[in-house]
Amino acid sequence: YSTFPHTPTWKKEDVTYRILNYTPDMLQADVEEAIARAFQLWSSVTPLRFTRVYNGQADIMISFASGFHNDFYSFDGPGGTLAHAYAPGSGIGGDAHFDEDENWTKFTTYSGYNLFLVAAHELGHSLGLSHSNVFGALMYPTYMPVDTRDYQLHQDDIDGIQALYGPPKESSALPTKAFPPQEPTEMIPAEAPTETSPREEPTETTPSKPPQRPDDCDPHLTFDAITTLRGETLFFKDRYVWRKSPYFSEIEHDTIFSFWPSLIAGFDAAYEVDNKDRVLFFKDDQYWAVSGYSIESGFPRPIQNLGFPTSVRKIDAAAHDQNTKRTYFFVGNKYWSFNENTQSMERGYPRKIAADFQGISHPVNAALQKNGYFYIFHGSNQYEVDIKKKKLIRIMKSNSWFDC
Amino acid sequence: FPVAPEKEKEDLQFAKKYLESFYDFKEEKTLFRAKDLNQMSDKIREMQSFFGLEVTGELNHKTLDIMKQPRCGVPDVRS
């Protein structure tokens, strides 16, 4: 993260904002909700409280404008620059301007820009953050169409804003004041009690504390999915990724969002088809194909496309055998064998896991193929299996890869 | 794939404006064209470093792709 020169911040916890005008692209109520949600992102991780006012000067004045709009930074028509905002200060300080020549939308689509996402970014500037070079951070300069249903700030954004204002006071993580709209008043006194009309409880409030990543050497650590990817090995749990690479000795910690922002966390299974530079991720009854960072078009697809009966609603784990070009899918107490060459399930499956993989408990949480062995994970144990002979070699802790 | 000459000039103009807007590039008209390009190449390097691209100082496709992505109007660096 970075801040503006001389680190300007608001020298108070109660900051006011005013919406000066609206975009015709969205309902007024949707504009107001998007902006209130954007403020809520920041208030949930700082002591700051944001009060909406309807008249006079507010700290943060929000407006939509096209081309030249009375500051030195004219907008440039559709695309290009979407919005900008000013660092905390008097006058234009803190103000956020949105380019009316863009198509503003309530949800993330590929034909417009999600106002909540852009507003959240610009309000980061209004509060004193500058741009971050951490890919996936909200304060990254370029727009990234991500799913905003349970949008959470990136850890880099949280670190940045808390460097300026500190963490929230325990009881202060309250919803933004003056949401929903109240009668226009000159100024809502800072000490006014928080009023939230029963009519519109805020329904989507960002949890103030994202779940923590388990320790590498937690003896009870289990994984949702594991896969190789271009010579590295990625271990997934919730939204977290443990990355083991031959290029650096330490385990690197990332989030799924930082690699694939539009994929929802909590995979069921993953495997790499290495000769195609392709990794498949499975969640519920859908799967995605990625190549590096980019998600192949036409995904997600239903897992039934792979040949599963409709009775199978999710899979537990998957591992690909590079030698036979077969992928094993583990579901409950059974497993399927999928022929990657013919892109079809093999006859005679599903078979019982216990029949061919003696000594291995189910359900299988994750599976990995590496160095000619399958590593089948159940709870906090993993079973090293000779793929050819399907013979159990040894049992280890699931996190033995982390040099604990 | 090699870029067509006309397109190249257009891209160069676009890149120049981008670097002026977001990387504090100030085009100083000097007699020595080579010096101009050096200054711009420095700024391209700065932008490539910021976005985690391979730092070459050259206006390659990946660099141009990022420059053409919709973005925030606040500069990434400032003097």
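Nothing in this text is a laboratory measurement; each read-out follows from the coordinates by a stated rule. All figures in this text were calculated on a predicted structure; none of them were measured in a lab. Positions of Cβ are backbone-derived with ideal geometry, glycine not excepted, and every protein chain shown enters the neighbour counts.
Summary table
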read-out	value
Backbone N within the range A:325-340 under 18 Å of label point (7 Å from A:Lys388 Cα along the Cβ vector)	A:325-326
Label-reachable residues, the range A:119-160, where backbone N falls under 16 Å from a point 7 Å from B:Lys68's Cα toward its Cβ	A:143
P(r) of chain A over all Cα-Cα pairs, binned every 20 Å from zero, in whole percent	25, 45, 26, 4
Extension reserve of the A:Asn55-A:Thr324 stretch, reckoned as 0.36 nm per residue once the Cα distance is removed	89.8 nm
Net charge dipole size for the protein assembly as shown [Lys, Arg +1 and Asp, Glu -1 on Cβ; Debye, nearest 20]	1980
Förster-model FRET efficiency, 35 Å R0, A:Asp71 and B:Glu27, C-beta, rounded to 0.05	0.95
Entries of A:Lys283/A:Lys334; A:Lys11/B:Lys16; A:Lys237/B:Lys62; A:Lys244/B:Lys17; A:Lys244/B:Lys43 with Cα pairs more than 30 Å apart	A:Lys11/B:Lys16; A:Lys237/B:Lys62; A:Lys244/B:Lys17; A:Lys244/B:Lys43
Calculated FRET value between A:Met396 and A:Asp215, using beta carbons and R₀ = 22 Å, to 0.05	0.80
Rounded if a/c under 1.5, otherwise prolate or oblate - the range A:1-100, Cα gyration tensor axes	oblate
